1. Testing Leu264 on (1) within 12 Å of the ligand (Cβ to nearest atom); (2) surrounded by fewer than 17 Cβ atoms within 10 Å (Cβ to Cβ); (3) not in a loop (DSSP other than H, G, I, E, B), one condition comes back false. Which one is that?
2. Quick check on this structure: which one of Glu297, Glu291, Glu282 is within 11 Å of the ligand (Cβ to nearest atom), without any contact (Cβ under 8 Å) to a residue 60 or more places away in the chain and either not in a loop (DSSP other than H, G, I, E, B) or not polar (S, T, N, Q) (or both)?
3. What residue, among those in region 56-70 that are in a helix (DSSP H, G or I) and of a type outside the set (D, E, K, R), is modelled with the lowest pLDDT?
4. Go through Ala345, Ala336 for me and flag whichever is buried (at least 24 other Cβ atoms within 10 Å of the Cβ) and among the aliphatic types (A, V, I, L, M).
5. For region 161-196, what are the residues that are assigned to a strand (DSSP E or B), surrounded by fewer than 15 Cβ atoms within 10 Å (Cβ to Cβ) and more than 34 Å from the chain's Cα centre (by Cα)?
6. Looking at Ile332, Ile353, which one is at pLDDT 95 or above and either farther than 22 Å from Phe415 by Cα or charged (D, E, K, R) (or both)?
7. Taking the condition of being within 17 Å of Ile708 (Cα to Cα) and not hydroxyl-bearing (Ser, Thr, Tyr), how many residues in region 529-575 meet it?
8. Scanning region 206-233 for residues that are in a strand (DSSP E or B) and in contact with a helix residue (DSSP H, G or I) (Cβ under 6 Å, 6 or more places away or on another chain), which turns out surrounded by the fewest Cβ atoms within 10 Å (Cβ to Cβ)?
Amino acid sequence: MSEAFPTQSQVVIVGGGIIGCSIAYHLAKLGRKDVVILERGSLTCGTTWHAAGLVMQLRATHTMTELCRYGVRLFAALKDETGQDTGFKQNGSLPIARTPERLAEIARITSLGKVFDVEAHMLSPAEIKSHFPLLDEGKLVGGACIPGDGQTTSIDTTMALARGARQGGVRIIENACATGFETANGAVTAVITDRGTIKCETLVNCAGIWARKIGRMAGVNVPLYAAEHMYVTAEVDASIPADLPILRDTDGYVYVKEDAGKLLIGAFEPNAKPLPLSSLPEKFEFGELQEDWDQFELPMTRAIEMIPMLENAGIRHFMNGPESFTPDNRFIVGEAPELRNYYVAAGFNSQGILSAAGVGRVLAEWIVEGQATMDLSEIDIARFHHFQINRRYLHDRTSESLGLLYAMHWPHRQFETARPVRETPLHNRLAGYNACFGEAAGWERANWYAPEGVEPKYEYSYQRQNWFDYVGEEHKAVRQRVGMFDLSSFGKTVIQGRDAESQLQSICAADMAVPVGRVTYTQFLNQRGGIEADLTVTRLAEDKFMVVTAAASQGRDYNWIRRHLDDNAFVTMEDITSAYGVLSVMGPNSRQLLSRLSDTDFSNQSFPFGTCQEIEIGYARAYALRITYVGELGWELYLPTEFTGPIFDLLMAEGADLGLRLAGYHALDSLRSEKGYRHWGHDISPADTPLEAGLGFAVSLKKNSDFIGRKALERQKEIGLKRRLVHFLMDHADPILLHDEPVFRNGELVGMTTSGSFGYSLGRSVGMGYINMPEGADKAWFEEASYDIELSGERFAARASVRPFFDPANERVKCQAI
Ligand SMILES: Cc1cc2nc3c(=O)[nH]c(=O)nc-3n(C[C@H](O)[C@H](O)[C@H](O)COP(=O)(O)OP(=O)(O)OC[C@H]3O[C@@H](n4cnc5c(N)ncnc54)[C@H](O)[C@@H]3O)c2cc1C
């Protein structure tokens, strides 16, 4: 007798692709057995069955590499554990380069392997040919070999995960379609299906390209969009060895792998074909899209260039399937900000097979523990902004997203599609000053200014880019005279009500019981003491605080506060980002400049560092905050949006004889790097505590109230640190530090950089990074040693310091007396 359709289950997973099956498998491993997978067709019938099954490990970040490395280990073990063959083989991969620039990029990634513990070696063209005899090595300048990579059969691997899940007690129900959800008190309570309703405590949306539609049914935004994704299988004359490594010719937009005695040629073409969901039939099971040779021509031509025997090879099959892509090319994983206990794992940007094991494990842990167990901020669904669900935006961005996996990952590379989305009130003025705009969270922001007669356009490279000298001038203006930044994209939130102080006390690590007019630099921490957000909070009134965060994390930080307010707290939250423009006036002449336009006394005595006053400036009223992210005397002016332009014009006019210069985000980054100001997402993350990050000064363990993460910090203080963030200064001017470069102390690998930039005042690249330390290591241990930092396989000498190299005593920020 068949089992009755369930009416209740602790966890319900919608979608029986590799992701849904992996999450179920890992939930069972963690002891959650009351789990149901609902699949409207048969397991794997969505996108999973199409996959070419490449399993790579070395990704651009530590988190992504961790997820993929685990995948290799699990896929290798699944057959023995479950009895189901997976087709997994570790035949290695060969990323190859046709240009020196690509070779430099491959060398960078290969260096990263050292830090992430993934074996990788650089190879000459002849060595590559010896591994992959079919190619024309004359087309190559070099490449690398990653022996631990491999390939798997996506259907069999999914079936093995499903079998493992079943063995752990999970129930898999095919031909059951989720059609809606029930919610109560901001949480999901049931899933409605075409066969009945199932009450649940936790819902996981793993519906692949349909996840956006399924999200909508519950009011959850899942910003992904489908694109056509293609490969062909070709007959070739030569007998192809089964252990042929996977060739990744990113310059040619193609990968080539052995597939049951044939060659499979897959494409990541630069201009993809977005696919509206409405163009697919309602029932799209084991479906294929139409062949499109026009679209496939470019990658196929490149494949023939590299493997000449393909020229005359017959094509056995043209596979075209839909895959989902996201606006920033990163996955969508985690608990939905809009609805408690509603989790999403979707938007895999053609990496769903290689990351399925890792994502399954971390999401299962998140569900069981109630919080992420490692730093997942880069793939956390909470990072998205409300506008990113816009259909046209997603459609247009998707044409670029697919190709990004194989595009050059230039430093400072900007998205080209779906722009502009948001402009600050100064946009046209800045364009008039020849700004080169970059994009962050949809905002068009001036990254640098080109001199008259120079086109404000990026010319990317791994060396000094075309803006290098112009940014140097902006940097120097801020250090020596005065510079102005448009920081209007800052996220701004007002928290108001009689419980505002007590609520912020429990969310912020710093003491929030401060006088009106105080600006407090603080962090939000998770229960492990990891840094979830880095921000300032300004007390505008007894019961009113303004929280200011980076544009990129505004949605996430807003949500963090909302989620951590007590249900009964007497407090309101309002996003006032669009209501205010922000002019940041920084540099030794900033005081003089502002004094020309305002009667406010800007002296140290009347306007000390870390305070805010409501001032009159020109014909406007503004909040002026005396703080800095560049390490100079200066003020941030928060002006109601419509006043921002006129005040900008006044400042520009009055500042001319004081040497005022407009400065962009690249100058900001250079200035803050020299001064050692941390950047959330690079130098600090949910995996780093303030004590490790050298931000203990911003934490108040003295305050009487408890705060999230306090216990973890107290424990860490007792036990002692195992790693710490330090500052690096290169010995020579040439090497350009970026991030994620291996760091060697006295020849031994001890950590990696988290961010780097050229410090124009110091004349060399500066950076930060964490290094592992022995118990009781003191300042001398860190500083009295020789350091090397590896860039694209070459080591360069550097110095390390626990204090920043620029103005370590903070004299410029605080002691500019008049
Ligand atoms: C041509 C091609 C090649 C690829 N090659 C690779 C590769 O080499 N390596 C790699 O890592 N990735 C590759 N991918 C990407 C990979 O296949 C996907 O990222 C992955 O399969 C996504 O898995 P999923 O479980 O999220 O989605 P899916 O497999 O699509 O699963 C979602 C499931 O949800 C079900 N569903 C939808 N709506 C409902 C509903 N209302 N109720 C119940 N069930 C529902 C669907 O039927 C579907 O089975 C490739 C993709 C394509 C198209």
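The values are calculated or read from the model by the stated rules, or taken from the named source; none is laboratory data. Only a predicted model underlies this, so the values are computations on that prediction, with no experimental measurement involved. Quick reminder, even Gly has a Cβ in these numbers, built from the backbone with ideal geometry, and neighbours come from all protein chains shown.
1. Checking Leu264 against (1) within 12 Å of the ligand (Cβ to nearest atom); (2) surrounded by fewer than 17 Cβ atoms within 10 Å (Cβ to Cβ); (3) not in a loop (DSSP other than H, G, I, E, B), the one that fails is (2).
2. Glu282
3. It comes out as His62.
4. One residue alone meets the criteria, Ala345.
5. Once the filter is applied, which keeps residues that are assigned to a strand (DSSP E or B), surrounded by fewer than 15 Cβ atoms within 10 Å (Cβ to Cβ) and more than 34 Å from the chain's Cα centre (by Cα), region 161-196 yields Glu174, Gly196.
6. Answer to the check: Ile353.
7. Residues flagged as within 17 Å of Ile708 (Cα to Cα) and not hydroxyl-bearing (Ser, Thr, Tyr) within region 529-575 amount to 20.
8. So the residue we want is Ala227.
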